[in-house]
1. Could you tell me the total accessible area buried at the A-B interface, probe 1.4 Å, in square angstrom to the nearest hundred?
2. Only four residue types carry charge here, +1 at the Cβ of Lys and Arg and -1 at the Cβ of Asp and Glu. Report the dipole size of the range B:119-230 about the Cα centre in Debye, rounded to the nearest 20.
3. Is any helix in chain B, taking whole DSSP H runs, at least 15 angstrom long along its axis by alpha carbon and on average at least 0.5 on the Kyte-Doolittle scale, and which ones?
4. So what is the calculated 222 nm ellipticity per residue for chain B, using -39500 (n - 2.57) for each DSSP H run with n of 4 or more, over all residues, to the nearest 500 deg cm²/dmol?
5. Taking all protein chains in place and a 1.4 Å probe, what share, in percent, of the accessible surface of the range A:356-428 do carbon and sulfur account for?
6. Using only the Cα atoms, work out Rg/Rh for the range A:354-435, with Rh taken as the Kirkwood radius, to two decimals.
7. Please label the shape of the range B:174-239 as rounded, prolate or oblate, based on the square roots a ≥ b ≥ c of the eigenvalues of the alpha-carbon gyration tensor (a/c under 1.5 means rounded; beyond that, a/b larger than b/c means prolate, else oblate).
8. Sort out for me the Cα centre separation of the range B:383-417 from the range B:102-139, rounded to whole Å.
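The values are calculated or read from the model by the stated rules, or taken from the named source; none is laboratory data. What you see is a predicted model, and the numbers here were worked out from it, not measured in a lab. Reconstructed Cβ throughout: ideal geometry from the backbone, glycine too, with neighbour counts over all protein chains shown. Heads up: the accessible areas ignore ligands, DNA and RNA and are worked out on the full protein's heavy atoms, side chains in. Shrake-Rupley method; radii C 1.70, N 1.55, O 1.52, S 1.80 Å.
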There are 2 protein chains.
Amino acid sequence: MSETIKDLKRTHLCGEVSEKEIKKQVTIMGWVQKRRDHGGVIFTDIRDRSGIVQVVFNPEIGESLFAKADTLRSEYVIAITGEVRSRPEGNVNLDLPTGKIEIKAIELRILDKAKTPPIQIEDNIDTGEDIRLKYRYLDLRRPKMKKIIGLRHQVTKTTRDYLDQNGFWEIETPILTKSSPEGARDYLVPSRVNPGEFFALPQSPQIFKQLLMVSGMERYFQIARCFRDEDLRANRQPEFTQIDMEMSFVKQEEVMEITEGLMKELFSIGEIEVPNKIERMTYEEAINRFGSDKPDLRFGMELKDLSELVKDSDFNIFSGTVAKGGQVKGINFKGGADSPRSTIDGFEEYVKMFKAKGLAWIALRENGLKSPIAKFLSEAEIEAIKSKLEAQKGDLLLIVADQASFVAAALGNLRLKIAKENGLIPAEVYKFVWIIDFPLFEYDENEDRLTAIHHPFTAPNEEDVNKLDSDPTSVRSKAYDLVLNGEELGGGSIRINNNKLQEKVFSALNISQKEQEDKFGYLLEAFDYGTPPHGGIAFGLDRLMMIISRTSSIRDVIAFPKTQKATSPLTNAPAKVDKKQLKELGISLRS
Amino acid sequence: MSETIKDLKRTHLCGEVSEKEIKKQVTIMGWVQKRRDHGGVIFTDIRDRSGIVQVVFNPEIGESLFAKADTLRSEYVIAITGEVRSRPEGNVNLDLPTGKIEIKAIELRILDKAKTPPIQIEDNIDTGEDIRLKYRYLDLRRPKMKKIIGLRHQVTKTTRDYLDQNGFWEIETPILTKSSPEGARDYLVPSRVNPGEFFALPQSPQIFKQLLMVSGMERYFQIARCFRDEDLRANRQPEFTQIDMEMSFVKQEEVMEITEGLMKELFSIGEIEVPNKIERMTYEEAINRFGSDKPDLRFGMELKDLSELVKDSDFNIFSGTVAKGGQVKGINFKGGADSPRSTIDGFEEYVKMFKAKGLAWIALRENGLKSPIAKFLSEAEIEAIKSKLEAQKGDLLLIVADQASFVAAALGNLRLKIAKENGLIPAEVYKFVWIIDFPLFEYDENEDRLTAIHHPFTAPNEEDVNKLDSDPTSVRSKAYDLVLNGEELGGGSIRINNNKLQEKVFSALNISQKEQEDKFGYLLEAFDYGTPPHGGIAFGLDRLMMIISRTSSIRDVIAFPKTQKATSPLTNAPAKVDKKQLKELGISLRS
């Protein structure tokens, strides 16, 4: 059996023992990080949550204690009582906060022994992720992982402090509930009491938070667990966490201001500065300039509209596109003129993934202009294009002519690809931007109908309400997304608080009365009883944490994440269950 | 269409408008609580989250505005701009914080109209709970309910502040996970990616919090959602919330002290005082004195052991019970001597529910002693019993002779029944007590084996470890429950942090190697790699909230609760789902 801490009290944390304690007796408890023998003396580094401190066992402490110290191995859990002293000159380690002192052991208890761990307890290991997840409790011992878990606590605590100070109440909403309107696949939970019926796990607390506004709670928030049963892409998890907010009697600007204050506090935890007022950019401008509603503002290479310059060109691909209502736009890959043909072909393949029919290019090489399209363009047209794209010798101009949405997607993505591949994105630069004035609807080609860009409760801009019937795709909404470095941090909207307007929107979306009833009947009914103007926003906590802790894997910021196959190598969940359990639930497995 | 707040800004909350604002112009927004016409003037009470303020519309404000005011009905959502003024002498309402002032309306916007609500927006309504749950968003508008939701925010915020200050990190554990060892029925979630397999929703984060201790997080907490698919008793919910904590390198006393500090802060929110140091009582003493490990200390009527007094009695039911190792114990129902025979018969029926074979009684009536057993007892025995039970004229002595556990259950419950029925429990008295030194095991008659009283990871007292094989039921554990007024608020234990000891306990519990592997294999494996001494505790947040907000229904302290049939009348969850969804999950309904 191991020893116990029965009559012992920890006096200090390892990382906190300092020169102040020199000559004092301390008791520390923790894990053996490292043990080495040198000149007949045993040195051990002891680790706890706070850090590491060095403990020294001299043979003078007595034969039995020294022999016991000699049994110590990595990851043994021990308690040490000893006297703090300065390290001898040559042994000072300035990389370690406790590197000027050491503890001369007087007593040692071995609280638990340890097998050799399958993961090294240190940063920068190359252990496969499957092993790291299976032995997550060891992986979390590594300083980097422990730091992230601590940061996550700090981020959620700061969120709660800030929102509490601003009059928000944290209110829990159900996990066992009904399908919500996000439209991803739900996780289902069979009901035993009502066989044949199922709960759904929430994809977000959207409907509940709106009901809370109807109930007069005025300022709600929740750090809420959400669930989506989707095929997992790289940084997705079946369960994830959202900072979810909703406010009554506010306009869009007020939600954005509250959010800015929160972001300022949260990012400061990661030493990232958020401007007092974040730039606002309309959706239209973002698409025009960056080909994306999530523009990455850390570098230029903006899209320039060449349509006007080439609309009368003899080059039919350009002029014809403009004539049909399309666009001709280009970007300037500075210094890219000498890209080999294979690279440029790669660019063309790439833009085709975004439905562009092709990619025209003009390379301004040292020895002259090279371009497969130059021969179709006049001198003046080429000069105008060069001027519009601010081209200099050495640049590669890349041009797409197509319908507007294809041009934006093609060049917006090509811009990102070139920037990433050529190191054009500066490190540790953080460019926040609000995207506002989104269209309320977008046209879904596959389904040949309008769909809501945010969700069907998003309010239209007042001045566009009269176009809901006549020209719905031109109606702007009161939706807003916060974008950082080309990634969406969060998004929200002012909601419709009037049933007549809500019905108009449903009818534009072609959502039948029955579908309305089935999906959100109770929300619509609630709206009958006096609904305040309200709006809110939600942020993905996991992504925030990735940025603040500067890690590229979502699995690093969650204590017990799942694999991309939605399994847990640690617990082996999901797992088979007894037939009896299924029978109680009124379900059976399909064979 | 309704009007909007486009160019308006709320300057004050209703409940905050005070005499300071007299002669100033303010803009408030909220719901029409009440509207009445008096002397050609329209009075409305406007309500928001903060409270109520009176708004006055005079005809002088102009015909159209007055006509608009005349359309106001209860629960309309409006914005008012007006001038604050003192109320005329006779109209001052001192019951209302804003009762000395009123707002003379200058502008009115109707932000949303309202149908007549099916629930009165006021306290003390007699609306059935089914209606209240269906229209929960209206029920939550009532002052009492809104206050509880606000208190719940305050309680969780205070919990987080306190635990953060004490070095705890809040760490989220999975909701989609595997069965945990609590042994109640799990909610299951079919996996689509791994057909035929299921996640379980956690009954508590028990295993994860212990893994976090293995991982060196040292101080964990979480306000955690937990799930149990049980047939619902009165104050149970299928999903409930737990304040869950775990600490490393601590002894039982340290967990209890941290907990006491937390309880002090939380109960002070409800103006309930918690002593600096809560009384500790051993399990043995609690059973001996109160017949319960959840003793209600608000009143006396303690159980007294009469065994020694009657062990040689001619009355064979008493002496025979003692001879067989049983007990004879009694309680004194002060002033109960004149209880009619039917009441006493009722007591007897009641104790039989707890397996007692019968109930003996002695009534010390004004006109002499009345008792069916007196004739079998000697004068001296009767005197000794009276003396032990501190009996006076007018008292009713109630005695059970049986095996010890039946005696405790019978008299412990009878004591509570009599106290409740006779108003012996003082209101607004709060008696906290720690119950410690629980037995590690109890004998389960049905299964003819030992079971763990807390859970199988609970550590035995060091001095009892050597009795694990020889006399397991005498082994005390390092478990502790916090009890308030006869109800368990929370419980926890120091855990076993040593595999050898854990194996001994499993073997005493007769848990097979295979069952160990299946149920907690990964926790046991984790224990191989250096486990610190650790322990923790968990509290039911919902019950805490019931006490702090002085409500008797758990459904009052949860924003969106479920019925006792585990359904939501609001959302109609659970509900039928598409066959397509079930097919994707690889399950089908049993017909």
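1. 11900
2. 300
3. TM-like helix candidates: B:404-421.
4. Values: 16 runs with 167 residues, N = 591.
Value at 222 nm, helices only: -8500 deg cm²/dmol.
5. For the range A:356-428, the apolar C and S fraction of the accessible surface comes to 51 percent.
6. Values: Rg = 15.0 Å, Rh = 14.7 Å.
Across the range A:354-435, the Cα-based Rg/Rh ratio is 1.02.
7. Working: a/c = 2.51, a/b = 1.21, b/c = 2.08.
Oblate shape, in that a/c is at least 1.5 and b/c is the bigger or equal ratio.
8. So the separation of the two Cα centres works out to 53 Å.
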